[in-house]
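Engineer: To start, I am sharing the structure in question, which I have written as structure tokens.
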Amino acid sequence: MISNERQYRITKAEAERFKRTLAEFEPKGDSHKGIHPRLIQAERDALQSQLDDLLHEIAEYEALKSGSIPVISIDSFDELADGLIKARIGAGLSQKALADRLHLKEQQIQRYESERYASASFQRLQDIASAIGIQIRKEILLPLVPTNFKTLAEKLRQAGVDHEFLLSRLLPSADAAKADGSVSEADESALVKKTVAILSRIFGWTSEALFNPAPLSPPRYAAATARFKLPAGRIQRATSLYAAYANYLAVVVLKSCEPLPRQSIPVDAKAFRQAILGRYGEVTLKSVLRFAWDLGIPVLPLKDRGTFHGACWRYDARNVIVLKQNSRNLARWLFDLIHEIFHAGQNPDAPSLEVIEADETSAERRDSREEIAASQFAGDVVLDDRAEELAQACVSAAQGSVERLKGVVPAIAGRHGVDVGALANYMAFRLSWQGINWWGAAANLQKDSGDPLAVARDVFLERFPFAIEAEIDRQLLERAFQ
């Protein structure tokens, strides 16, 4: 969601770009040769879906700013953070104005809102609500025994499966349309049966578990233990569910890519960079994506919001990467992709691997030696093996002042002929060691030079063999791209 004027301007510009892209969309030459027509349609639908999302965010922000929304409705405690952000906007308060009322720095409110108040105490949430001047009233939900699709969806919502996610990602389009309207008893019975089959397939929830009053247990979805602890409390639940969904899709993709040849993954940054330059002539998001596929590593891009930040899984000695980054900056996606390829290259003889990425500001990532090594590797690849040299040049030019870095980083990048976004991302990573969250400032320095999700999706469509046996799995993958 849009939380400030800067994001509003960027989102409006993005929407206009998507409108132009859709207006010009037409497969040309051999660009879609060998691709199933349904996947071509999925690409077109994905563009339209992204435009619809942007237009919805713009309309919601404008409505909130106008003061025409007197009540902010939330369906669960999980939505409290978004409710507080909407209430602030609706009350006509900027992030700075709210910070002033609480005697905090504006950056603290920005951080709270960017992480959806994950680190805020209960007392702080009360203070926020009081400073905005709102009242919160919400019922406590009792255990529920589903009797139809509506009550099944309610039980899923209590378990953390958002209703919109259920309709837009899990159910086929035709069934989602039925679920939102009135249906006959026979159609509803068939809808419930199909929903249960999908939930069982992805999350392992049996019909018995879904139709009794006991809360649904967290899904089990991996062959190995995650190196990082998932976030605590309500965020852990949402992260676990989305990770299970992403893992299921990753396995579907991996099975279809069984014929792909597997190559040794270069784990030296200089060798990795030279290999990409030798094959593609440049180190860009597109070239590194293609290089990953050349190595036999499918890369699945997802666009959903939430607390899941990407992953690398290995099953039967085959790696698969899931990219999911809310940023629309190519440099950030490139950094994350190389970071994940580094993980895929570790312990190559081990038959299984699971890396679920926590938030960039989390202690799990800040204190993990392998995470630090992965980010250093990514920095050296994109910065021509000079990441630390350039970082020290930035620190020296800024005379140790974090506030001066925003002006220093572009100057150092220009002087040394490197991408500003790449250097900004590496500086944000380096500062995170000291507990300093500079990711917001790094994002402000990124160039809006393309759509990273579209780039990743196009390479996926270009390389994916489309050998999916089960129709339900094909539908789930197509829905992921819409």
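Engineer: I'd like to check something: does region 361-379 contain any residue that is open to solvent by less than 40 Å² (accessible area, probe 1.4 Å), more than 20 Å from the chain's Cα centre (by Cα) and under 30 Å from residue 6 (Cα atoms)?
Structural biologist: So far as region 361-379 goes, yes, one or more of its residues are open to solvent by less than 40 Å² (accessible area, probe 1.4 Å), more than 20 Å from the chain's Cα centre (by Cα) and under 30 Å from residue 6 (Cα atoms).
Engineer: OK, next. Mind checking which residues of region 420-435 are modelled with pLDDT of 85 or more and either among the aliphatic types (A, V, I, L, M) or open to solvent by 30 Å² or more (accessible area, probe 1.4 Å) (or both)? Spell out how you get there, then give the answer.
Structural biologist: In the first step, residues of region 420-435 are kept if they are modelled with pLDDT of 85 or more; the result is 420-431.
420, 422, 423, 424, 427, 428, 430, 431 - these are the residues of region 420-435 that are modelled with pLDDT of 85 or more and either among the aliphatic types (A, V, I, L, M) or open to solvent by 30 Å² or more (accessible area, probe 1.4 Å) (or both).
Engineer: How many residues, within region 411-427, are more than 13 Å from residue 331 (Cα to Cα) and not aliphatic (A, V, I, L, M)?
Structural biologist: 4
Engineer: For region 92-115: of the residues being under 17 Å from residue 438 (Cα atoms) and not in a helix (DSSP H, G or I), which is modelled with the lowest pLDDT?
Structural biologist: This residue is 115.
Engineer: Pairs only if they're at least six apart or on different chains, beta carbon under 6 angstrom, first in region 297-319 and in a strand (DSSP E or B), second among the acidic types (Asp, Glu) and at pLDDT below 90; list them, first residue then second.
Structural biologist: From region 297-319, the pairs are 313/354.
Engineer: Quick one: is residue 16 in a helix (DSSP H, G or I), charged (D, E, K, R), modelled with pLDDT of 80 or more and open to solvent by less than 60 Å² (accessible area, probe 1.4 Å)? Lay out the reasoning, then the answer.
Structural biologist: Values: in a helix (DSSP H, G or I): yes; charged (D, E, K, R): yes; modelled with pLDDT of 80 or more: yes; open to solvent by less than 60 Å² (accessible area, probe 1.4 Å): no.
No.
Engineer: Still on this structure: For a quick check of your reading of the model, give me the residue pairs whose first member lies in region 386-411 and is under 20 Å from residue 375 (Cα atoms) and in contact (Cβ under 8 Å) with a residue 60 or more places away in the chain, whose second is basic (Lys, Arg) and open to solvent by less than 20 Å² (accessible area, probe 1.4 Å), with beta-carbon atoms closer than 9 Å and at least 6 apart or on different chains.
Structural biologist: Note: no pairs meet the criteria.
Engineer: Conditions first: (1) open to solvent by less than 50 Å² (accessible area, probe 1.4 Å); (2) more than 28 Å from residue 371 (Cα to Cα); (3) at pLDDT 90 or above; (4) of a type outside the set (Phe, Trp, Tyr). Residue 463 passes all but one, so which condition is the exception?
Structural biologist: Residue 463 satisfies all of (1) open to solvent by less than 50 Å² (accessible area, probe 1.4 Å); (2) more than 28 Å from residue 371 (Cα to Cα); (3) at pLDDT 90 or above; (4) of a type outside the set (Phe, Trp, Tyr) except (1).
Engineer: Kindly evaluate residue 152 against the criterion of being assigned to a helix (DSSP H, G or I), open to solvent by less than 90 Å² (accessible area, probe 1.4 Å) and either closer than 30 Å to residue 189 by Cα or at pLDDT 90 or above (or both).
Structural biologist: Values: assigned to a helix (DSSP H, G or I): yes; open to solvent by less than 90 Å² (accessible area, probe 1.4 Å): yes; either closer than 30 Å to residue 189 by Cα or at pLDDT 90 or above (or both): yes.
In short, yes.
Engineer: Additional query: Out of all the residues in region 28-48, is one or more modelled with pLDDT of 85 or more, open to solvent by less than 80 Å² (accessible area, probe 1.4 Å), of a type in the set (Asp, Glu) and within 20 Å of the chain's Cα centre (by Cα)? Write out each step before concluding.
Structural biologist: Step one: list which residues in region 28-48 are modelled with pLDDT of 85 or more, which gives none.
Looking for residues that are modelled with pLDDT of 85 or more, open to solvent by less than 80 Å² (accessible area, probe 1.4 Å), of a type in the set (Asp, Glu) and within 20 Å of the chain's Cα centre (by Cα), one finds none in region 28-48, hence no.
Engineer: Starting from region 102-121, keep only residues that are more than 21 Å from residue 325 (Cα to Cα), then list their pairs with residues that are among the basic types (Lys, Arg) and open to solvent by 60 Å² or more (accessible area, probe 1.4 Å) whose Cβ atoms are within a distance under 7 Å, requiring at least 6 positions of separation or different chains.
Structural biologist: Going by the 7 Å Cβ cut-off, the qualifying pairs are 106/96.
The values are calculated or read from the model by the stated rules, or taken from the named source; none is laboratory data. If you're wondering where the values come from, they're calculated on a predicted model, not measured in any experiment. Backbone-built Cβ (ideal geometry, glycine too); neighbour counts: all protein chains shown. With ligands, DNA and RNA removed, areas are computed over all heavy atoms of the protein, side chains included. Shrake-Rupley method; radii C 1.70, N 1.55, O 1.52, S 1.80 Å.
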